[in-house]
Amino acid sequence: MSELRILVDADACPVKEEIYRVAERHRVPVSVVSNSPFRVPMGPLVSRVVVSEGFDAADDWIAERADARSVVVTADILLADRCVKAGATVLAPTGKPFTHASIGGAVATRAIMADLRAGADGLTGGPPPFAKTDRSRFLQALDTALVKLKRVG
């Protein structure tokens, strides 16, 4: 069985510091995956993975490694879909879990919103701003996911 780990789609992740803290507490390794290098904490648990500039290169790296012993943190619905299908526990930075039951609806909503944005001449708003409650919900969800996976493994 593979080692429990956290895989982070890091380019636009607002909760990296929270991930590092929870990973340290649980002694779980973290792979921070991005298209360009940025600072990560020094230490044995956090590794920085810089992939090529290719479209979806970070997503591909994460999806290829996601399994039932992984917690994947991403806001990318298509990456979440791939990782859920691989058996991973997938969390949005807001703490919202992507599951087999919810991912189909999330993918469909994403497609509808893309169509609406394409026809709106740039007049649509983006997602709501990231809030303190989102950060708190994420911390709780990540901690719960790691406890559950430790129990299973």
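One residue stands out among those in the stretch 31-64 that are among the acidic types (Asp, Glu) and within 16 Å of the chain's Cα centre (by Cα): the one that is farthest from Arg5 (Cα to Cα), which is Asp56.
Residues that are in a loop (DSSP other than H, G, I, E, B) and touching a Leu at 6+ places or on another chain (Cβ under 9 Å) were ranked within the stretch 119-153; the one that is modelled with the highest pLDDT is Gly153. Annotation: Ala101 fulfils all but one of (1) assigned to a loop (DSSP other than H, G, I, E, B); (2) at pLDDT below 90; the unmet one is (1).
Only residues that are over 16 Å from Arg69 (Cα atoms) and outside any loop (DSSP other than H, G, I, E, B) were counted across the stretch 23-56, and they come to 10. Each residue in the stretch 1-22 was checked for being in a strand (DSSP E or B) and either more than 14 Å from Asp76 (Cβ to Cβ) or β-branched (Val, Ile, Thr) (or both), and 3 of them qualify. Among the residues of the stretch 31-55, those that are of a type in the set (Val, Ile, Thr) and within 15 Å of Asp11 (Cα to Cα) comprise Val32, Val33, Val40, Val49, Val50, Val51.
The values are calculated or read from the model by the stated rules, or taken from the named source; none is laboratory data. Remember, it's a predicted structure, so these values are computed and weren't measured experimentally. Quick reminder, even Gly has a Cβ in these numbers, built from the backbone with ideal geometry, and neighbours come from all protein chains shown.
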